[in-house]
1. What ³J(HN,Hα) values, in whole Hz, does the Karplus curve 6.51 cos²θ - 1.76 cosθ + 1.60 give for the stretch 115-125 when θ = phi - 60°, with x put for Gly and Pro?
2. Using a cut-off of 14 Å between beta-carbons, work out the net charge of the residues near Ala130 (Lys and Arg +1, Asp and Glu -1, Ala130 not included).
3. In nanometres, what is the gap between the two model label sites at Glu29 and Glu44, each 7 Å from Cα along Cα-to-Cβ?
4. Using R₀ = 25 Å, calculate the FRET efficiency as 1/(1 + (r/R₀)^6) where r is the Cβ-Cβ separation of Lys141 and Ala22; round to 0.05.
5. How long is the gain from Glu150 to Asn97 if the chain were fully straight, where each residue apart is worth 0.36 nm and the alpha carbon distance is subtracted?
6. With every protein chain left in place, what is the accessible area of Asp132 in Å² (1.4 Å probe, nearest 10)?
Amino acid sequence: IALLAAVIIFFNKKQPVNDTLAIYQSFYEVFPATTEKRSGKEGEAAMRYYEAGEYSKAIPLLIKPDQDIDDLLTPIYLANCYLQVDEPDSAVSVLENASKTLNADTSFTGQFHRWYLGLAYLKSGRNKEAEDIFLSIAQTKGIYQEKSIEILELLN
């Protein structure tokens, strides 16, 4: 029985996973909240809600124009909130807009933007866009290169 189970597991790992939601769930991890102190009531409250997993309460504070959270990371936090409350299209919109203002291919923060954008595409069922972004990440040395290669293998 153990041998049969091992053979089944071996062959299942080699076959592509066509369920993009399953791929998303296998690779998605909430972007960690930074430990730095934030000034201002809204910035502090937004991150307290985010850290506590109360994403629907964090969203309105993260989209306020006068919040004081790092402008480069705010879209990542906001997108993660949207992913957690099952609004992947909103996450896509936030990250697509944010990517226009930074060099998403080479900046350190840009790597996070691209990774979460790819995951948001997966969750929203936009497989072609997801594949394109993961291919781009896989071709660029960075923190998500290997994971992107794994996702591409599962998609194909």
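1. Residue by residue, the stretch 115-125 yields 4, 6, 5, x, 5, 5, 4, 4, 5, 8, x Hz.
2. On the way: positive: Arg114, Lys123, Arg126, Lys128, Lys147; negative: Asp19, Asp89, Glu96, Glu129, Glu131, Asp132, Glu150, Glu153.
Neighbourhood net charge equals -3.
3. With each label placed 7 Å out from Cα toward Cβ, I get 3.0 nm.
4. Working: r = 28 Å, r/R0 = 1.11.
The formula returns an efficiency of 0.35 here.
5. On the way: separation 53, 0.36 × 53 = 19.08 nm, distance 2.66 nm.
Full extension of this stretch gives 16.4 nm more.
6. Roll a 1.4 Å probe over it and Asp132 shows about 70 Å².
The values are calculated or read from the model by the stated rules, or taken from the named source; none is laboratory data. Predicted, not measured: the structure shown is a model, and the values here were computed from it. As a convention, Cβ positions derive from the backbone with ideal geometry for all residues, glycine included, and neighbour counts pool all protein chains shown. These accessible areas exclude ligands, DNA and RNA; they are computed on the full protein's heavy atoms, side chains included. Shrake-Rupley method; radii C 1.70, N 1.55, O 1.52, S 1.80 Å.
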